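Since every read-out is calculated from the coordinates, none of them should be taken as a lab result. In this text the structure is predicted, and so the values were computed from the model without any measurement. Note that we place each Cβ from the backbone using ideal geometry, even for glycine, and neighbour counts take in every protein chain shown.
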Amino acid sequence: MDTGFNWVKPMLLMIALAAIPSVSLGAGLPDRIALDSLKNLYDSVQFNHAGHIRLLKDCAGCHHHTTGNLVEDANCVRCHQNSSETKVVACRGCHAAQPFSAEAQRKKQAEMKLYHQDKPGLKGAYHLNCMGCHQKMGGPTGCKDCHPMNKTGEALYNTGSFAPKKTGKAAKEH
């Protein structure tokens, strides 16, 4: 029996699909991301974003509440229970590359949030997030596994060709 409403189901399906955020469909997400905030000392890390998405299937593990996911931590829910997606979902959007700079300290004082005082800088955020997961799941954990030092970094830290030459007894032991 044709009631003339055969268009209703397809229309409802289209409306439902339009309501799904494009992020959940994977649209517009980069496959690779160059993590290069310390490029003056280290080669940039070519982060396989697509591979991590396929493996983890949960953006909130790395991006906390910035992608519009529900916040579960009881301390965070106090302020972020209705958080929507933020403009910048990258780590650098919240974590300062130079957390002890005068600018970062002024910003921290202006925000003076109870639970954000111990927020790590960008390098700390990467290491806390990446290393914890890599240790659990068997990913690379050595410093040079992800980002070898460049010549400037080797010079600063006296490593590689800039390492002090061993003399006397120490040279004979190696």
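In table form, for the structure just shown:
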{"quantity": "Pairwise centroid distance, computed over Cα atoms, of segment 70-106 with segment 44-59, Å", "calculated": "20 Å"}
{"quantity": "For 43, 118, 73, order by how many other beta-carbon atoms lie within 10 Å, fewest first", "calculated": "118, 73, 43"}
{"quantity": "Pairwise label distance in nanometres, residue 102 with residue 31, each label 7 Å out on the Cα-Cβ vector", "calculated": "4.5 nm"}
{"quantity": "Relative exposure of 149, 137, 131, judged by other C-beta atoms within 10 Å (fewest first)", "calculated": "137, 131, 149"}
{"quantity": "Calculated FRET value between residue 85 and residue 134, using beta carbons and R₀ = 41 Å, to 0.05", "calculated": "0.95"}
{"quantity": "Listed pairs 107/144; 123/144; 108/144; 57/107; 108/151 exceeding 22 Å between Cα atoms", "calculated": "107/144; 108/144; 57/107; 108/151"}
{"quantity": "Exposure proxy order (Cβ contacts within 10 Å, fewest to most) of 169, 119", "calculated": "169, 119"}
